[in-house]
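Okay, so here's the structure we're looking at.
Laboratory data are not the source of any read-out in this text; all were calculated from the coordinates shown. None of the values given here were measured: they were computed from a predicted structure. Please note: Cβ atoms are built from the backbone with ideal geometry, for glycine as well, and neighbour counts cover all protein chains shown.
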Amino acid sequence: MNNKNNRNAHQRGFTLIESIVAMVVMGIAMTILFSIFFPRVEDSGRPQYIVRASALGQSVMNTILSRGFDDNSDPSGSRIRCDDEGNPDAVDVEIQECSSALGPEEETANAFNDVDDYIGCWYAADVQCTESNSYPLSDLINNSNQYPHFKVMVDVMNINNNGTESFTDSKHTMKKVTLTVSSQNYESVKFVGYKGNY
C-alpha cells in the first residue's frame, strides 16, 4: 500500500503556479527570439526584389534608349543631326534645332518617339503616382503583370560637350536618362544611361 501511495505522489502534474511561470518564461523567450530573427526573415526578400528591380530597370532602359535623341532627329538615322551646323554633309540641307524643352510631345505612350518623351512616373496596376506625367507600366513593357507593386520614375536631362547641363556655348550632344525603380518596402534602385545625338 505504501508503494502505491509513493507512485501516485510521483505522478502528479504541474501546479497552476508552475504552469503560469512556464508560460511567462516561454513568452519572454519568444519575444527575444522574434526581435532577433524577425528582421532577418523580413530582409530575406531583398535579393529577389533587387533581381526583379534590375530586370525591370534594364527592360525600361532598353525601351527608352531605342528611341531617337530628339523629336527633331531623323528617325531613319541620317548623318545629319539636329544642331549639326558644322557637318560637311549638310550642304544645301536645312539643319533643325534640337528641342529646347524636355518632355512628351504626344499624349499617349505608343506615340513616344524620343527619349525625353518618357519623363514621368510609370506605375503597376496596384500602385499610384502623384506626378502630373503618370502612365501605366503596361504601356511601356509587355509583361508588366510580372511586376506588381513596382513603379519607375524616369528623368532625362541634356548634357553638353563639357559634361554640364548648360547650353550657352555648346550644342546638344547627349541626354542622360535616369531611372529610379522602387517598390513598397525596399530601397530604390537607380539606373543611368546616355543617348548620343546621332
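One table, with the values for the structure above:
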read-out	value
Under 11 Å, Cβ to Cβ, from Tyr194 - net charge with Lys/Arg +1 and Asp/Glu -1	+3
Cβ-based exposure ranking for Val25, Val177, Val152, in which fewest neighbours within 10 Å come first	Val25, Val177, Val152
Packing-based exposure ordering (other Cβ within 10 Å, fewest first) of Tyr186, Tyr194	Tyr194, Tyr186
Potential lengthening between Gln184 and Ala55 on full extension [0.36 nm per residue; Cα-Cα distance subtracted]	44.7 nm
Length gained when the stretch Asp43-His149 is fully extended (0.36 nm per residue, less Cα-Cα span)	36.5 nm
Cut-off 13 Å between beta-carbons: net charge of the residues surrounding Glu131, Lys and Arg +1, Asp and Glu -1	0
Additional length obtainable on full extension of the chain from Tyr194 to Glu107, 0.36 nm per residue less Cα span	28.9 nm
